[in-house]
């Protein structure tokens, strides 16, 4: 980079702007990346502060970079350059016996294998977990050696943790008592308990399409049927489609991930949330809500939970700390509304209580403000690395590939052009030590054959970029 | 205590023996308690070593004390003074819909309440858990901050822990590979997964009578029926009665606690273990074995697991560290034989994986020999405090009360004389801040109305003794 003049002149800032724009164009500076700070560039180029500032404002005006308060300038995602988004789903209206197999187990096991590039399971990278802070708290608890920390916890969970969760729930738009909350072994146990509380074997549950495969596996294991409902990649489950499905057949419960749904990343607009909750309250159908990604919004305020619109106790909210603090702790919770007693009894028979010490450590992490500080950091990281990943899809995946544009969470849903078989792609990628999740896992009918889900939980790296290049090449051969 | 002569004479040892015998008789020295060491008594009485030794051997010959290698002399349990043992159960031969209610939840919650004397839930006292050692290991793990310890574990569990469990299984009489073992959130999750793997809603499971109420609750939650089988307070489930029950009706699985059963404390003799396993193998009926108390034998060698006799993979062994290392960690395991794949899939859908760090800490506890050292210590403690408790039943409970004489574990089963209602006793005791478990909880038909289970997991103390006195008085009023 050479800029001749040492003096501020009318064209100098234009030349500085052009230099940065060129770097963005070539991909030296990638979408979501921070561009050099004003001071740094001033020193580097030997120009005045006002020249650099003017250059950056010009770039901002052109929509190439964006300023983030107290953080600097970042390369913006260019909407005009982005691949198309997938269309709303068009699932079959017939209920199906859920039948998801060995594949999901294999996805989980490859995710815990350190030799494999983890674009499969939706887990945060180690760097994005506050392990140091969490373990410092845990060590302090161990040193204190309070005997009750080694004993059974109440089956409803650690009271201080539930108190802290209750306080935070105001961000989700509702205000439970600690006693309304039950701690669980992760969100997965919460979903199991809630489904068991409101259904019986053979019942049908209405779900989004595509839907997180973990839920399909739970339905299968509980001998429940799933009926898929049209879901928009931006606005989530379609209330009209749901209403129509409910008219056609008897449904024991509805399962929805309202915020940054897995795999679409969609977020239901507030007005639809209300419509949805009212629709089901009116019919007396329990609504199981999984809000595990809600804290990971990229901008603005936390989106509300469906529970915020619950007037009848018919919404059973489930969540966990596995996406934010610790997948390994296995601590989640549920606010099961009017099904509180049933869920609590099921918790006792299912695992007696949740691990004591991890709950105490999480309570302290929440109480001390460490959780909020951590969230502020990772939200930025996810926003940036998800943008970078979307651009990598544009750059390396075959022409015509579509991809979602989530405003939170850490998963992307990719729809390849005709010809690409994601099950084959899964096998071929795995041979090259890359894990992805093939689309058919997200549908009881094994649809979405051309789709894959990508985990955006990893900070961008050469290893991830190489993996995206390999995936793109493998897919291109099938087109 | 006064002994006049300083010289060894023919009658001096007799006088020393009489002094100790008198203390035993008055209850100053209690059954299971250590009597003064030979050296200590020699100094105290100013007699020769050989006099004390001769006195102790005399007491031993009379059956009043017993020598324990490297440990000293202990007051023996006096069979002639003991209350009678309960007779074998005579349960109804009809299968019943399981219907256990709020009571079990209340028992658990009172157990975690520090203000209540914990004679209810079968949990070890804090002093009998190796919390210090375990937390030292955990702190060391936290300091190392290995990132994988904060991540999901394999759904089958921590490999090092499974390796250590596999090594120890030889004591139980079988030799699994680490891959045959699946870690679970306590024994309770293991039982859930195994029952779900081998039954469907509406099926019947044959169980001991009386039976651990936690199992009845699981059966109820899974919509399974229970059929009770005659069980002997010493020898456990009766193979002939089981065979006859199987001839009468179709049974999907059998559940047995072979060693120090909860609540009877019975231990199935080896020959009956083989008969039982062969009987079910022959009929292709899965046998779910809960061996959670097996490591807590008082004397001799560890009793074998039923799994030791399994030739067809039809035995699903379940266990945990909740009775020995940490109830709060929630770490158990299962060796589900030929149902390995089904159980592993159910584990993934039920809670994804078991808490990572606690498994790592337990693996190190096993590897370092700390677990075995701890077991040696607590076995003696349980043997002693259970004996003391049996004697307290004799001393404080109404005439005609019967009680079991377990050779391991930490629960006692008490059968009161006619007139005592254990449900009323439970309420009255709770008002006096004493928790017990009433008999009807141990039977789907709510039998055993005159029985209670007592937790022997607490070192003998004035508080416990006072509670036994209160229980005795309350019961006596009903006779």
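Rule-based calculations on the coordinates, nothing more; no lab input. This structure is a prediction, so every number in the text was calculated from the model and none was measured. Cβ sites come from the backbone with ideal geometry, for glycine too, and all protein chains shown count toward neighbours.
Descriptive notes on the structure:
- Using alpha-carbon coordinates, inclination of helix A:159-168 to the longest axis of chain A, degrees: 50 degrees
- Taking other Cβ atoms within 10 Å as a rough exposure proxy, B:57, B:468 sort from fewest to most as B:57, B:468.
- Each Cα pair under 8 Å and six or more residues apart adds its sequence gap; the mean of these over the residue count of chain B is a relative contact order of 21 percent.
- Beta bridges by DSSP in chain A, antiparallel share as percent, to the nearest 5: 60 percent
- Rg/Rh (Cα only; Kirkwood hydrodynamic radius) as it applies to region B:95-155: 1.19
- Between residue B:283 and residue A:431, the C-beta separation translates, for a Förster distance of 41 Å, into a calculated FRET efficiency of about 0.35.
- Helix axis angle, A:49-61 relative to chain A longest principal axis, alpha carbon, degrees: 50 degrees
- Region B:164-193 and region B:388-409 have their alpha-carbon centroids 33 Å apart.
- For chain A, the normalised intensity computed at q = 0.07, 0.08, 0.09, 0.12 Å⁻¹ comes to -0.40, -0.51, -0.64, -1.08 (log10 of I(q)/I(0), Debye sum over alpha carbons, equal scatterers, no solvent).
- Calculated P(r) of region A:39-91 - Cα pairs past 13 Å, %: 68 percent
- Cα gyration tensor of region A:273-378 - equivalent ellipsoid semi-axes, whole Å, descending: 26, 21, 9
- Each label was represented as a point 7 Å from its Cα along the Cα-to-Cβ direction; for residue A:223 and residue A:71 these points are 5.0 nm apart.
- Percent of beta bridges antiparallel (DSSP, region A:103-254, rounded to nearest 5): 20 percent
- In percent, rounded to a whole number, the relative contact order of region B:12-76 is 40, using alpha-carbon pairs under 8 Å and six or more apart.
- Inverting the pair-averaged 1/r between distinct Cα atoms of region B:12-76 gives 11.5 Å as its Kirkwood hydrodynamic radius.
- Contact order normalised by residue count of region A:111-217, Cα under 8 Å, 6+ apart, percent: 16 percent
- Per residue, the convex hull spanned by the Cα atoms of region A:123-226 measures out at 165 cubic angstrom.
- Measure of compaction for region A:425-479 (Cα Rg per 2.2 N^0.38 Å): 1.17
- Helix-only [θ]222 nm of the protein assembly as shown, DSSP H runs n ≥ 4, -39500 (n - 2.57) each, per residue, nearest 500: -13000 deg cm²/dmol
- Directionally averaged projected area (convex hull, Cα atoms, region B:201-245), nm²: 3.1 nm²
- Computed with the Debye formula from one identical point scatterer per Cα of region A:141-201, without solvent, the log10 of I(q)/I(0) at q = 0.21, 0.28 Å⁻¹ comes to -0.97, -1.15.
- C-alpha long axis of helix B:131-144 to longest principal axis of chain B, angle in °: 50 degrees
- Scaled radius of gyration (Cα, divided by 2.2 N^0.38 Å) that region B:212-360 gives: 1.06
- Over the protein assembly as shown, the Kirkwood radius and the radius of gyration, each from Cα atoms, give a ratio Rg/Rh of 1.06.
- Only alpha carbons enter this Debye calculation for region A:339-479, each as an equal point scatterer, and the log10 of I(q)/I(0) it gives at q = 0.09, 0.14, 0.21 Å⁻¹ is -0.42, -0.79, -1.15.
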